[in-house]
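Below is one structure, written out as structure tokens, with a few remarks after it.
Please treat every number below as a calculation from the coordinates, not as lab data. Keep in mind that what you see is a predicted model, and the values were worked out from it rather than measured. Don't worry about glycine lacking a Cβ; one is built from the backbone with ideal geometry, like all the others, and counts go over all protein chains shown.
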Amino acid sequence: MSSELTLTEIRTQVREFIAGRYPQQEIADHDDIFALGYVNSLFAMELVVFLEKVFGATIPNQELQIDNFRSVDRMVSLFERMRSGGSPAEAAPVAVSG
Amino acid sequence: MTTDSAVRGPEVPDAHRRGRVKCVVWDLDNTLWNGVLLEGDACDVRPEVVEVIRHLDSVGILHSIASKNDRAAAWQRLTELGLTDLFLHPEIGWQPKSESIQRIAASLNIGLDAIAFVDDQPFELAEVAYAVPEVLRVDVVDLADAIRWPEFEPRFVTEESRNRREMYRTQSVRAEAEREFAGTNEDFLRSLDMVFTIVHAEREHLQRAEELTLRTNQLNSTGRTYSYDELDAIRVRDDHLLLVASLTDTFGSYGTIGLALVEKGDLHWDLRLLLMSCRVVSRGVGMVLLNHVTRLARDDGATLRADFVETGRNRMMQVTYAFAGFREIARDGDRVVLERDADLELPEASYVRLVTDPIRTATP
């Protein structure tokens, strides 16, 4: 797993990816991106592939759950968990905004 | 079939060879025609090669070109020969042929192992063997033998296979429209006026349904294949649902592109197989059929479970289930049972109109 990127850099990249996909929305790090609308397979796959590139590691099957991808915060905690080799931890809260 | 000159891809068990090739990529000089275009040769077409191309086209195998040539000159010659319609996403230029093949595979959204490459130059065959070993290689002198290999023999030929080239051609018109579209991706999808139709499988759907179980890899939940007869038996059982999905948009039809096989229980329904053709992955409709089945189960008071088998090629389906709110509840090696969180809302794709037939028993 890549140790090159700091957590802040990971956060910035994830934030930029999400912002690029929802150009008309202001999205905070704790916002639930799936509450913004329908998610399709292609976006889901692109998101997973993007994260694996940034994380420098494959996301394990047991972590492939929608809750781990709901917000920038959640994706950063997923990375932290994968880096420390830990088991699923308490999820960061997400805001369900309109 | 093991003469020294016969060129093949990696050894594949016989059972997996049948119908493996979805697209043949052709060289031009001294392969499709005699001579070298840029050396001023007459470049008369080889009728036996065109005959092979037309035959394979009629059984649903696509064709493309990887030629080191001047693009305009080569295309002009193909136009004079009246052959341009046969080829999708031709790559004519000076890049390595392995690169051309990879671009063609990406444009058609098919795997490299579904491609065959025909050339007369040992150097080109070797370059492809080195860079993209999954590709099946054929020296043009062996062509007459090679087309009898099982790789070039689809299990059956349906109406869909005969129209396949036309469908892919429509697809590239769409792709062009998409490149030129100025709005967001969602706006583009909305502009297509897509209609997604889900009906109970009738006998006329079964050949295509069988074909889908064989041809679909990325969005396929188990990789299990079903024969026409198996599907015909399942279709009429009261405790099963066999649904087929098709998609149309302003450019035309994508044909029958999805299949769902459900075993209905009192407390939960088991989705034994879900698949969606790679043709529609970029249309954002991968979850429409899944959400529809979830809704039917919910209306019947059942939770939805799904069989999933990691085939090494279907991670996109795994991700689809994960993002549709399914979690693993049991695992045996690479075989997994998933269950959907019943509390989750069911979002609707705003850019697709869903048309369904009423629940009923299929007529035998």
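For the stretch B:136-169, the list of trypsin sites (Lys or Arg not before Pro) that fall in a loop by DSSP and count at most 14 other C-beta atoms within 10 angstrom reads B:Arg148.
May I have the count of lysine pairs in the protein assembly as shown with C-alpha atoms under 29 Å apart, counting pairs 8 or more residues apart or located on different chains?
Lysine pair count for the protein assembly as shown: 4.
Let me know the mean shielding of A:62-69 by other chains, meaning the per-residue number of their Cβ atoms within 10 Å of its Cβ. Counting Cβ atoms of other protein chains within 10 Å of each residue's Cβ and averaging gives 5.
The mean count of C-beta atoms from other chains within 10 Å of the C-beta of residues in B:323-331, rounded to a whole number, is 4.
Decide, for the stretch B:87-194, between rounded, prolate and oblate: order the square roots of the alpha carbon gyration tensor eigenvalues as a ≥ b ≥ c, take rounded if a/c falls under 1.5, and otherwise choose prolate if a/b is larger than b/c, else oblate. Cα axes put the stretch B:87-194 in the oblate bin.
With R₀ fixed at 51 Å, the C-beta to C-beta distance from B:Val50 to B:Asp299 puts the FRET efficiency at about 0.40.
Want the number for B:Asp332 to B:Thr356: 0.36 nm per residue separation, take away the alpha-carbon distance, what's left? Walk me through the numbers before you get to the answer.
Working: separation 24, 0.36 × 24 = 8.64 nm, distance 3.50 nm.
Net length gain for the segment: 5.1 nm.
Here the spin labels are modelled as points 7 Å beyond Cα on the Cα-Cβ line, and at B:Glu202 and B:Leu344 they lie 3.4 nm apart. Put a dot 7 Å past the Cα of B:Ser253, heading toward its Cβ, do the same for B:Arg103, and the two dots end up 3.3 nm apart. Summing Cβ point charges (Lys, Arg +1; Asp, Glu -1) relative to the Cα centre of the protein assembly as shown gives a dipole of roughly 520 debye.
Shielding of peptide B:345-354 by partners, expressed as the average count of other chain Cβ atoms within 10 Å per residue Cβ, is 2. In a fully extended conformation the segment linking A:Phe17 and A:Asn61 would gain 13.6 nm over its present Cα-Cα distance, using 0.36 nm per residue.
Charge dipole of the stretch B:233-337 (Cα centre as origin; +1 on each Lys and Arg Cβ, -1 on each Asp and Glu Cβ, all else neutral): 320 debye, rounded to the nearest 20. For the stretch B:269-358, what does the alpha-carbon gyration tensor say about shape, rounded, prolate or oblate, given a ≥ b ≥ c as the root eigenvalues, a/c under 1.5 as rounded, and a/b over b/c as prolate? Taking the square roots of the gyration eigenvalues as a ≥ b ≥ c, the stretch B:269-358 is oblate.
The shape of the stretch B:114-249 comes out oblate: with a ≥ b ≥ c from the C-alpha gyration tensor, a/c is at least 1.5 while a/b does not beat b/c. A dipole drawn for chain B from +1 and -1 charges on Cβ atoms has a positive end, and of B:Ala73, B:Leu112, B:Ala342 the residue lying farthest that way is B:Ala342. Ranked by the mean number of other Cβ atoms within 10 Å of their residues, highest first, the peptides B:298-304, B:216-222 fall in the order B:216-222, B:298-304.
What you get for chain B, charging only the Cβ of Lys and Arg (+1) and of Asp and Glu (-1), is a dipole of about 660 debye around the Cα centre.
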